Structure formats: C-alpha cells, structure tokens
Amino acid sequence: MTAGETHQAIEATFRIERARLIAGLARLVRNIDRAEELAQDALVIALSEWSRTGVPANPGAWLMTTAKRRAFDAIRRDKMRERKHEEIARALDGAFDGAAEVIEVAMNDDLGDELLGLIFTACHPVLSADARAALTLRAVGGLTTDEIARAFLSSEATIAQRIVRAKKTIGKAGLSFETPRGPERVARLSSVLEVIYLIFNEGYAATAGDDLVRPSLCLEAQRLGRMLAGLMPEDAEVFGLLALMEIQASRLPARIGPDGALIPLTEQNRARWDQLLIRRGLDALARAEALGGAKMEDWGPYALQAALAACHARAHTSADTDWPRIAALYDRLRAVAPSPVVDLNRAIAHSMAFGPEAGLRLVDEIADAAALRNYAPLAAARGDFLFRAGRLAEARSEFETASKLTRNAREAAFLLARADACD
C-alpha cells in the first residue's frame with residue numbers, strides 16, 4: 001500500500017469510527033470537548049504509526065485503545081483527583097487491557113450502546129431543543145457545522161455559536177455523562193428522535209459535497225432506531241421513526257443512476273427498491289398505528305411521515321401512487337408539526353394530487369418565509385410546477401436559480417439538466 005493509499009485508509013477509518021470513538025471516550029472523561037481532542041490525537045498518531053507499520057487488522061479498536069491510553073495518561077497526570085480515577089490508576093498498574101475491561105463494566109448501562117447512550121446524555125433538558133440537536137449532530141453524527149446549518153435552515157455562524165454554548169452549559173452545570181432512566185429518559189425522547197432522523201436525512205440527501213447520498217449515516221441511524229424500538233417497545237413515535245427510515249432507505253439503490261446522477265422518485269425503477277426494508281418498515285408502521293390509534297388524528301409526526309412513505313412503497317408504479325391521501329397526510333402533518341419544509345412538501349403533494357396550479361398557489365404563500373430564503377428545494381419545486389404547467393421559460397429560470405443555491409454538485413447537475421429540458 002502506497003503512502004497516499006495509507007493516508008486515505010486512515011481518513012476513511014476515522015470518518016467511520018469517529019462517532020464511536022467520541023461516544024466511548026465521553027463516557028470515560030465526562031467531557032465532549034476532551035473526547036473530541038482525544039479522538040483527534042488518536043488520528044494524528046495513526047497518521048504517523050500506520051505510515052510505517054501499515055493499517056492494523058482492526059483499525060477502529062486500535063484508535064480506541066490509543067485514545068484511551070492517552071486519556072489514562074492524563075488521568076495519572078491529574079493525580080487522580082477523584083476516587084474513581086484512583087481506582088482506574090490502580091487497575092492500570094496491573095495490565096492495560098484489564099483496566100479497560102474494569103472501566104467498561106463500571107460504566108455499563110442498559111442501553112448496551114455507547115453511541116445511543118451519548119445521544120440521550122447530550123439531549124439534556126438544561127439545553128434548548130436546538131442546542132441539543134446541534135451538539136449531538138456534531139459530536140455523534142459527525143456532521144460539519146455547515147451541514148447542520150443547512151438541516152436547520154440557519155447560518156453556519158449561528159450553529160457554531162450554538163454548539164459552543166451548549167458545551168459550556170454542560171460544563172458549567174457539572175453534568176456527568178450518565179444514561180438517563182425512567183421518566184427522565186422519556187422526557188428526552190423527542191430530542192433523541194429528532195437527532196437520529198436528522199442524521200438519517202443527511203445520509204439520504206447530502207447537503208454538500210460530490211455525493212448525493214451517504215449510506216453509512218443512514219445505516220447508523222437505522223441501527224440506532226432499531227435499538228431504540230427494542231428498548232421502548234410501547235412508544236408509537238419510536239416505531240413511527242423506525243418505519244420512516246426503513247421505508248426511505250429501501251429506495252437508496254434506485255435513487256442514483258450508474259453515472260451518479262439523481263433519479264427522482266417518480267422515475268425510479270421500483271424493482272430496485274429493497275423489499276426487505278419495505279416489509280420491515282410496514283411492520284414497524286403497523287406497530288406504530290396499533291400503539292398510537294387507528295385514526296390519522298391520533299398519530300404523531302413520525303408515524304404520519306411513515307404513512308406518507310408507505311403510500312409510495314405500496315404503489316407498484318408511480319402512476320399508482322395515492323396522491324390525494326398523501327396530500328391529506330401532509331395537511332395533518334402541517335397541523336401537528338408545522339414548519340416551512342412541511343409546507344413545501346405539502347405544496348408538492350397537492351401539485352401531484354390536484355395539478356401544478358394548486359402547488360403554485362401553495363408555494364407562493366410560503367415563498368417569503370425567512371427559513372426558505374436561498375433554499376434550493378423551494379426554487380426546484382416551483383420550477384417543476386411551472387414545467388408541468390407549460391410555463392417553460394419561467395421553469396428554466398427557477399431550475400437555474402436552484403442549481404446555484406445547492407451545495408451538492410450532483411444535485412446542481414440534475415437541476416441544470418432540468419433547466420436544459422425547458423428549451
């Protein structure tokens with residue numbers, strides 16, 4: 001393996017293992033900033049060591065061991081101010097591996113997963129809902145501040161400040177990174193669900209870069225959702241979110257063409273949709289409906305979105321899609337969880353159910369929303385409505401505008417191709 005290939009392997013491994021590293025280290029040092037520093041230190045050491053020795057058989061374990069050793073060294077240098085640190089130091093006098101096992105046992109919890117435990121811990125009520133989501137997306141999801149800003153329709157500077165303040169608030173409050181139980185866990189659940197879904201969304205539709213999708217993020221969010229469903233089997237919204245992610249993930253193989261270009265939902269080869277994931281999603285949706293009630297009015301936002309996704313999954317062809325039901329589900333979702341993005345998707349659904357002019361009327365009502373200013377999907381949707389209404393010159397202008405607003409190279413190419421089709 002050449003030096004360049006080794007460097008690429010190290011960077012790829014770190015991207016994959018980063019969240020687990022930080023989660024495990026945060027449980028040890030009780031500080032997110034310090035956990036991020038230790039993870040970065042391990043990367044720097046890997047860049048030096050692996051260039052000489054090659055990539056180890058288990059690179060993730062190597063990084064974790066290296067980072068924990070540095071953490072233990074720091075604990076020693078701090079002269080074991082706390083009793084627990086003294087116990088760790090005594091164990092370290094024996095053998096490092098034994099000490100690591102002692103620490104893991106001492107810090108074990110019933111969640112059985114460090115990453116999910118860190119999400120619950122970071123979603124503490126001492127932080128605002130926005131701060132919790134931003135912090136966990138950065139520390140756990142590994143998203144950049146720019147990607148988080150796009151997800152929240154906010155500025156990068158605002159998100160960066162929000163993350164810094166969140167870390168300071170946790171430090172000043174003296175919070176320990178313990179997994180909540182009972183009512184406290186339930187109280188944090190809505191924030192945890194939001195974070196998991198935002199991680200999934202960044203994987204399903206990347207906000208920036210050369211790739212339209214980041215499947216590893218989708219897989220991690222699905223894994224966390226499945227674990228959460230096992231831990232909270234009586235919560236309808238947990239199963240609603242799981243159903244939503246499973247059904248949407250089923251489309252990933254059909255979303256991208258051989259050339260890497262985006263394939264719209266209406267043009268996808270549905271034979272390529274993953275039927276196992278669809279069955280899992282529909283089963284989870286049935287569980288959500290059984291727990292939440294048979295009527296749409298009784299469902300929470302994730303169950304409603306899962307029901308929307310199910311409409312597409314159950315349609316054998318695009319023409320078979322029950323768009324009036326989708327429009328009705330969006331009407332209800334708008335009442336339960338109002339947001340500019342829901343309004344935009346509702347406009348798209350109404351355009352498909354009742355014609356492009358219906359979509360144009362609804363999208364014009366939200367065009368001045370501050371959160372949608374410079375939002376590429378708004379211009380893209382309006383371009384589609386105009387195209388279908390036969391107003392090609394106006395449609396071309398909207399597609400060109402959308403192509404300039406997106407940060408994703410593949411999406412920009414798709415939008416420019418749609419603009420060219422307006423000639």
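The values are calculated or read from the model by the stated rules, or taken from the named source; none is laboratory data. Everything numeric here is computed off the predicted structure, so don't read it as measured data. Side chains are part of the model used for accessible areas, which takes the heavy atoms of the whole protein and leaves out ligands, DNA and RNA. Shrake-Rupley method; radii C 1.70, N 1.55, O 1.52, S 1.80 Å.
Fully extended, how many nm does the chain gain between ALA319 and ALA335 (0.36 nm per residue separation, minus their Cα-Cα distance)?
Answer, rounded to one decimal: 3.0 nm.
Quantify, in whole percent, the carbon and sulfur part of the accessible surface of the chain (1.4 Å probe; protein heavy atoms only).
Using a 1.4 Å probe with all protein chains present, the chain comes out at 51 percent carbon and sulfur.
Hey, can you find the accessible area per residue of the chain for me, probe 1.4 Å, expressed in square angstrom?
Each residue of the chain exposes 47 Å² on average to a 1.4 Å probe.
Which angle from 0 to 90°, rounded to the nearest 10, does the C-alpha axis of helix 409-420 make with the longest principal axis of the chain?
Approximately 10 degrees, to the nearest 10.
When all alpha-carbon pairs of the chain are counted, what percent fall beyond 34 Å?
In whole percent, the long-distance tail amounts to 37.
To the nearest 500 deg cm²/dmol, what mean residue ellipticity at 222 nm is calculated for the chain from DSSP H runs of n ≥ 4 alone, each contributing -39,500 (n - 2.57), summed and divided by the residues?
About -23500 deg cm²/dmol.
Report, in whole Å, the centroid distance computed from the Cα atoms of the stretch 302-378 and the stretch 229-250.
So the separation of the two Cα centres works out to 21 Å.
Using Cα-Cα distances under 8 Å and only pairs 6 or more residues apart, what relative contact order does the stretch 271-423 have, in percent?
Across the stretch 271-423, relative contact order equals 13 percent.
What is the chain's relative contact order, in percent, from Cα pairs under 8 angstrom and six or more apart in sequence?
The value is 10 percent.
Using a 1.4 Å probe, how large is the accessible area of MET227, given in Å² and rounded to the nearest 10?
50 Å²
Any idea what angle helix 236-249 forms with the longest principal axis of the chain, computed on alpha-carbon atoms, 0 to 90 degrees, nearest 10?
Approximately 70 degrees, to the nearest 10.
Helix 340-354: angle to the longest alpha-carbon principal axis of the chain, degrees 0 to 90, nearest 10?
30 degrees
Find the eigenvalues of the gyration tensor of the Cα atoms of the stretch 323-381, then list the square roots of 5 times those eigenvalues as equivalent ellipsoid semi-axes, largest first, in whole angstrom.
Semi-axis lengths for the stretch 323-381 are 18, 14, 8 Å.
Taking amide H positions as placed in the peptide plane 1.01 Å from N, state which residues far from ILE256 in sequence (5 or more) or on other chains have amide H under 5 Å from it.
ILE263
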